[in-house]
Every structure is written in structure tokens, then in C-alpha cells.
1. Between Ala119 and Glu18, how high is the FRET efficiency from 1/(1 + (r/R0)^6) when r is the Cβ-Cβ distance and R₀ = 30 Å? Nearest 0.05.
2. Assuming R0 = 35 Å, what is the FRET efficiency of Ser127 and His93, from their Cβ-Cβ distance, to the nearest 0.05?
3. Please work out how much length the chain gains when fully extended from Glu46 to Leu108, using 0.36 nm per residue of separation minus the C-alpha to C-alpha distance, in nm with one decimal.
4. Short version: what are the Cα gyration tensor semi-axes of the stretch 46-130, square root of 5 times each eigenvalue, largest first, in whole Å?
5. Mind checking which of Phe121, Leu111, Ser95 is farthest towards the positive end of the stretch 70-146's charge dipole, using Cβ charges of +1 (Lys, Arg) and -1 (Asp, Glu) about the Cα centre?
Amino acid sequence: MTIARWIPRSSLINYNNEIDHLLNSVYGTEAGNKTECTICPKVDIEELEKSYSLHIELPGVNKKDVNINVKENILTIEGEKKSEKDSKSDKYHRSERVFGKFHRTFRLPDLVDRDQIDAEFSDGVLSITIPKLEEALPKQIEVKIK
């Protein structure tokens, strides 16, 4: 009989995934079917004065295996993390890395310049900059006091 050590963090990861699934389905940011996404990259979304910035963690993914598309107001990021198994041994003691396809979609605000979206991939992080349209930028108006 083998004694397995219980790690509370692993239980919390399952709850975190369920909460992510619920929130993504409510806000329309999840792929249509859970089986489409074996890897769900973590994303930071930041609103700056003149743009929105997305930072997507894609460790171990080659940039040629990532596709970014915009159709109407939907930004789609999809790709694949390929297995790099070079070992001829089938006797793994532990294998926790996940390989497979990923697919994330985000609904863009109406006042963004979809033609000027820029992406950069560096050190396993995909950074996407989505500029706001001129009419969405804050304007300073001088008010005269009478």
C-alpha cells in the first residue's frame, strides 16, 4: 500500500477551474466546448489611457503555433503546445505537464481600432495591444466660469 500525501493546493485548483468556467461562460470569454481547450492560458487584461493590453502566458509554446484573429468584435487566440517527448522510456515516475490545443476568445469594446492591433511574443508571454479609437479617448474641455 502506498501512502499518498494530500496537497490542499491541488483541490483548490479544481475549484478555481470551476469558477473560471462559470465566469467565462457568463461573460462570453470561453470556448464553446470545454473539450476544445485542454490548456487554458492565464490572461491579464489592463486598460490604459490610450489602449487595452493583454498578456497571455504561453510557456513552452512556439510563436509559429499561435494564431490571433479578430472577426467583428471578437478577438480569438488559439494554438497548440506540442509535446517534446524525446525519451524512449515509458517509465515516467511523474508527468504533470499538459500538451494540446488552446482557444481563448474575448469580446472587444466597440470603440477600439481593430486595424491597429499589435502583438509581440517574448519569453513565453504573448502581449497584445489594442488601441482605442480617438473618440474613446478622454478629452479635456475648458469650462469658462461666469
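1. Result of the calculation: an efficiency of 0.50.
2. Efficiency, from the Cβ-Cβ distance: 0.45.
3. This chain segment gains 21.0 nm when fully extended.
4. Values: eigenvalues 214, 30, 21 Å².
Whole-Å semi-axes of the equivalent ellipsoid: 33, 12, 10.
5. After comparing all options, I get Ser95.
Readers should treat all values here as calculations from the given coordinates under stated rules, not as data from a laboratory. These figures come from a predicted structure and were not determined experimentally. Every residue, glycine among them, receives a Cβ derived from its backbone with ideal geometry; neighbour counts consider all protein chains shown.
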